[in-house]
Each structure stands twice: as structure tokens, then as C-alpha cells.
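Here's the structure we're looking at; comments come further down.
The values are calculated or read from the model by the stated rules, or taken from the named source; none is laboratory data. This one's a predicted model, so the numbers in the text were calculated from it and none came from an experiment. Cβ sites come from the backbone with ideal geometry, for glycine too, and all protein chains shown count toward neighbours. For accessibility, only protein heavy atoms count, side chains too; no ligands or nucleic acids. Shrake-Rupley method; radii C 1.70, N 1.55, O 1.52, S 1.80 Å.
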Amino acid sequence: MFRTRAALAAAGTAAFLAAGIPAAHAAEGQAPTVQWASSVADDLGTLQVSISSDSAVTGITAHIVSAATEQEVAVVETEAFVLGHGTTDDGVWHTREPLSLPALGSYTVHVEATDADGDHATRNSAGTLAYYVQAVLEDVRSDRTEVDIDNRQVRVDGVLKGRRPDTRQLEPLVDHPVDIDVDYWTENTPRTDAEGRFSGTVTVNAAAQIQAVYRYANEYPYVLYGASQEIPIGVRQVATRWVVQSPAEPRTIDFGQEVTLTAALERETPQGWKPFAGQSGGVLFEPSGGGQSAGVGGFTTDEDGRVSFPHTPWETGTFLVTSRTEDPFIAPASVNSPLVTVLRSSAFTRFSALRTADHGVHVEGGMDFTDGWTPATILVRVQHSRDGETWTDVTTVEAYWSGQDYAFSADIADTKPGYFRARFDATNAFRAATSDTVRPTR
């Protein structure tokens with residue numbers, strides 16, 4: 001047999017009394033707990049109340065009191081509420097329709113709740129009803145999605161409306177200020193016209209987000225914050241390029257010889273590539289074999305977009321010219337010059353050929369590298385010629401430091417009459433060298 005909670009409580013009391021236990025200690029039902037009350041976030045005229053209890057909530061009464069006058073302006077009875085989510089013993093209840101109150105503003109909410117056991121609870125100041133107009137920004141758009149170096153202005157248009165708390169209707173908000181923010185910083189604040197429309201222009205100096213925002217205004221204390229979706233604005237950069245004028249083609253120089261770099265920076269325009277004056281940057285000399293680059297200098301391009309630097313490179317490499325700017329509208333540019341090959345000097349200091357008793361020839365000689373650098377391996381080709389014009393290799397030997405120069409020697413058997421000489425071939429760092437031409441002596 002099913003009994004109500006009230007009947008079970010009565011039977012329990014009789015049992016306690018029969019056992020001699022005072023009735024004052026009989027079990028009592030738990031009163032409902034009113035947890036909070038507030039406006040629905042996106043429907044400010046609708047009241048919601050959170051209540052939990054040990055049985056189903058059967059009655060709700062909300063007393064709406066003006067925060068300004070402290071006078072009760074409305075009483076909302078049970079029939080006005082519906083369960084929004086949760087359960088009847090632990091849920092959030094909200095009014096079926098927005099409340100109709102005499103004025104906009106803040107209202108304190110006192111709540112009474114009753115559950116199925118007949119337990120009753122009251123909570124004063126359970127929360128606040130924010131009976132305000134909610135600002136809504138519609139049809140917010142920009143006249144462009146990217147800016148460039150010559151066109152940085154962006155116009156933003158839109159409509160500001162307010163959602164009334166009593167009817168949920170959207171109505172134009174007339175003569176209200178609307179902030180136009182660029183990356184969350186207000187750049188312009190136009191006011192709305194008779195239809196709630198606004199228009200304003202902002203300057204965009206980098207890729208940014210634009211947003212229309214209605215913020216609290218003292219002249220309209222009952223209109224709440226509202227914001228549009230962000231509009232991304234991109235940057236179209238000016239294309240730039242370097243033209244190396246000198247050295248215009250690969251060249252070879254001696255170690256210690258000066259070479260001058262001349263280059264011009266150009267920017268792309270509707271009329272083609274034009275000199276780009278007033279741009280900063282720097283020049284390096286980069287070794288072709290890797291390693292540490294040498295700083296050549298910094299610059300600002302002249303009225304013809306040109307830069308010019310003399311430099312004495314100490315090894316083979318290229319000039320690297322780079323323009324740099326903090327202006328996001330200008331694309332960076334860099335270029336490497338043609339290869340500048342730096343060759344160090346080499347020379348034969350001596351060379352001789354001597355006939356030997358066995359009809360062979362003994363040759364010997366020495367080399368010098370005047371700037372103090374030498375190849376890792378010094379290979380010398382010994383050559384023979386019958387007429388002193390056409391030469392043939394007869395052997396290759398390696399030269400070593402002798403204390404005075406880099407010496408080499410070779411014994412050549414069964415040689416024919418003619419001439420001898422020594423030849424050092426150019427490397428990527430050293431010039432070639434040829435000794436004197438000699439006839440073997442006895």
C-alpha cells in the first residue's frame with residue numbers, strides 16, 4: 001500500500017510515543033533550499049530560481065522589490081513558473097513569459113518555496129533581476145578586408161538595437177554611442193541615427209581585429225553592453241626587390257684588393273618597379289665555404305633607392321644585402337651578389353734541373369705564399385717540353401716547409417733533351433704559379 005510522506009511521519013510519531021520517547025524528537029521534514037535567483041542571461045526579463053528539496057517543489061512565490069525605492073512592485077506566483085532544467089526536487093525554474101514591470105532597473109528578488117511534504121522556506125535577497133535593455137549589434141561590416149601602405153582607412157557600418165526585457169522585441173537605439181575598436185582599442189565612437197544605424201572610419205596600421213562595441217553610457221544607464229563579431233583585417237604588403245649593379249657578374253680579385261658593392265632597392269607600383277628611398281637595412285659578406293659573415297655596414301637608401309659600400313673581403317663569398325623595416329606594409333627583401341672569388345698569391349722562389357750520372361734529371365725548387373696563408377696540401381707538377389712551348393707532366397710532388405720556403409724535389413729517369421719547369425695549379429683560394437723554364441745542367 002502506498003502512503004504519502006505525511007502519513008509515514010504520523011505513524012512514526014505514534015511509535016515513538018508508544019516507546020516512551022518524547023514527541024519533540026520525532027523526525028521532521030527538510031525545508032526547501034532556495035539557492036539563487038536571477039535574470040536569464042540572454043532573456044533579461046525572464047526570472048529564474050534555483051531550488052532544491054527532499055521532495056518535489058510544489059509552490060514558488062517571488063517578490064520583486066525595486067532596488068531604487070525598496071518597494072515591492074510585483075509578486076510572481078507558482079503558476080507563472082515552469083521547470084527549465086533539472087528535477088522537481090533539484091532544479092531551476094523560470095517564468096513562462098518575461099515579467100512586465102513598471103520601470104527598467106535592478107530588482108531584488110525574495111523567494112518563498114514549498115515542497116510536497118508541506119515544508120516551507122523563505123529566502124530574502126535570493127538574487128537580482130537585471131531588468132535592462134540588452135544592446136544588440138546587427139549587420140556590422142567593413143568596407144574592406146585588407147589594407148595596404150597607401151590605403152589604411154577602414155569604414156565600419158552597422159545597426160544598434162536594444163532587446164526589451166518585457167517584450168523581447170528588438171528596437172533601434174537612437175543617438176547612442178558605439179565604439180569601433182581596433183584590436184580592443186577604441187579608435188572612433190560614432191552615434192546612431194534615427195534607425196539605429198552608425199558608421200565610422202578607423203585607421204589600421206597592421207593586421208588587426210575590428211569590432212563594434214556598445215559600452216555603458218551614463219546618459220543611458222539601463223542599456224547593457226553588447227558587441228559584434230570580430231572582423232579580421234589583413235595587410236597587403238608592398239613587394240620590394242634588390243638589383244645588384246656592381247659587381248654585376250662573378251669576378252676574381254687578389255687578397256687585399258677592395259671591391260665595391262652597389263645595389264638599388266625598388267618597390268612595385270601600378271606603374272611598374274620604382275626606386276624605394278628612405279629604407280633601412282644592412283650588408284654582410286658571406287663566405288661561400290660557410291663560417292662567420294663579416295659586417296659591411298648599415299644603410300638608408302638614397303633618393304634613387306641606392307646603397308654603395310667598399311669592402312676588402314678576406315675570402316671568397318658574396319655580399320648579402322637586406323632591407324628591414326618595422327612597417328608591416330612593406331615586404332622585406334634580400335639578395336646575394338654574384339660570387340667574388342678572393343685568391344691569395346703564390347710564387348716559385350727557385351727552380352733548377354741537374355743532369356745525373358745515370359742520364360736522369362734531378363729537379364728541385366721552392367715556393368712562397370706571401371700573405372702567410374698556405375694550402376693544406378701543396379702539390380707541384382713537374383713538366384717537360386722539347387721546344388719550350390708544349391708541356392707534358394712527368395711527375396707530381398708535394399712541397400713541405402724547409403725552414404726558408406716550401407721545398408720540393410724529384411728524380412726523373414730516362415729524360416729526353418729539352419726544358420723543365422714547375423707548375424702550381426690554382427685552388428679556390430690561391431692563384432696558380434709557374435716557375436722559370438730551365439735546361440738541365442751538368
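Among the listed residues 205, 151, 124, identify the single one that is closer than 30 Å to residue 76 by Cα and open to solvent by 70 Å² or more (accessible area, probe 1.4 Å).
Sole residue among the options that is closer than 30 Å to residue 76 by Cα and open to solvent by 70 Å² or more (accessible area, probe 1.4 Å): 124.
From the set of residues in the range 28-47 that are in contact (Cβ under 8 Å) with a residue 40 or more places away in the chain and in contact with a helix residue (DSSP H, G or I) (Cβ under 9 Å, 6 or more places away or on another chain), which is most open to solvent (accessible area, probe 1.4 Å)?
Taking the candidates together, the pick is 29.
Limited to the range 66-81, what total is found for residues that are of a type in the set (A, V, I, L, M), in a strand (DSSP E or B) and open to solvent by 20 Å² or more (accessible area, probe 1.4 Å)?
3
Of the conditions (1) in a strand (DSSP E or B); (2) crowded, with 17+ Cβ neighbours inside 10 Å; (3) not hydrophobic (A, V, I, L, M, F, W, C), residue 395 fails just one. Which one is it?
For residue 395, the exception is condition (2).
How many residues are part of a loop (DSSP other than H, G, I, E, B), in contact with a strand residue (DSSP E or B) (Cβ under 8 Å, 6 or more places away or on another chain) and open to solvent by less than 70 Å² (accessible area, probe 1.4 Å) when one looks only at the range 359-376?
5
Of the residues that sit in the range 412-432 and are within 12 Å of residue 379 (Cβ to Cβ) and not in a loop (DSSP other than H, G, I, E, B), which one is nearest to the chain's Cα centre (by Cα)?
430
Could you say which residue among 324, 344, 350 is at pLDDT below 95 and surrounded by fewer than 20 Cβ atoms within 10 Å (Cβ to Cβ)?
Only one candidate qualifies: 324.
Quick one: in the range 82-106, of everything that is touching a Ser or Thr at 6+ places or on another chain (Cβ under 6 Å) and outside any loop (DSSP other than H, G, I, E, B), which residue is nearest to residue 223 (Cα to Cα)?
So the residue we want is 106.
Quick check on my filter: what residues within the range 48-65 are polar (S, T, N, Q), open to solvent by 20 Å² or more (accessible area, probe 1.4 Å) and under 19 Å from residue 107 (Cβ atoms)?
Within the range 48-65, 48, 61 qualify.
Report, by residue number, each residue of the range 280-301 that is over 14 Å from residue 333 (Cα atoms), open to solvent by less than 60 Å² (accessible area, probe 1.4 Å) and not in a strand (DSSP E or B).
290, 293
Please specify each residue of the range 170-185 satisfying the condition of being within 31 Å of the chain's Cα centre (by Cα) and touching a residue at least 12 places away in the same chain (Cβ under 8 Å).
178, 179, 180, 181, 182, 183, 184, listed by residue number.
Take residue 313 and decide whether it is open to solvent by less than 20 Å² (accessible area, probe 1.4 Å), part of a loop (DSSP other than H, G, I, E, B), more than 23 Å from residue 205 (Cβ to Cβ) and not basic (Lys, Arg).
Yes.
Just to check your reading of the model, which residue among 190, 172 is more than 12 Å from residue 211 (Cα to Cα), in contact with a Ser or Thr (Cβ under 8 Å, 6 or more places away or on another chain) and open to solvent by less than 60 Å² (accessible area, probe 1.4 Å)?
Going through 190, 172 in turn, just one is more than 12 Å from residue 211 (Cα to Cα), in contact with a Ser or Thr (Cβ under 8 Å, 6 or more places away or on another chain) and open to solvent by less than 60 Å² (accessible area, probe 1.4 Å): 190.
What's the number of the condition residue 234 fails, among (1) surrounded by 16 or more Cβ atoms within 10 Å (Cβ to Cβ); (2) modelled with pLDDT of 95 or more?
Exception for residue 234: condition (1).
I'm trying to understand the selection: among the residues of the range 251-261, which are touching a strand residue (DSSP E or B) at 6+ places or on another chain (Cβ under 7 Å) and surrounded by fewer than 16 Cβ atoms within 10 Å (Cβ to Cβ)?
251, 252, 254, 258, 260
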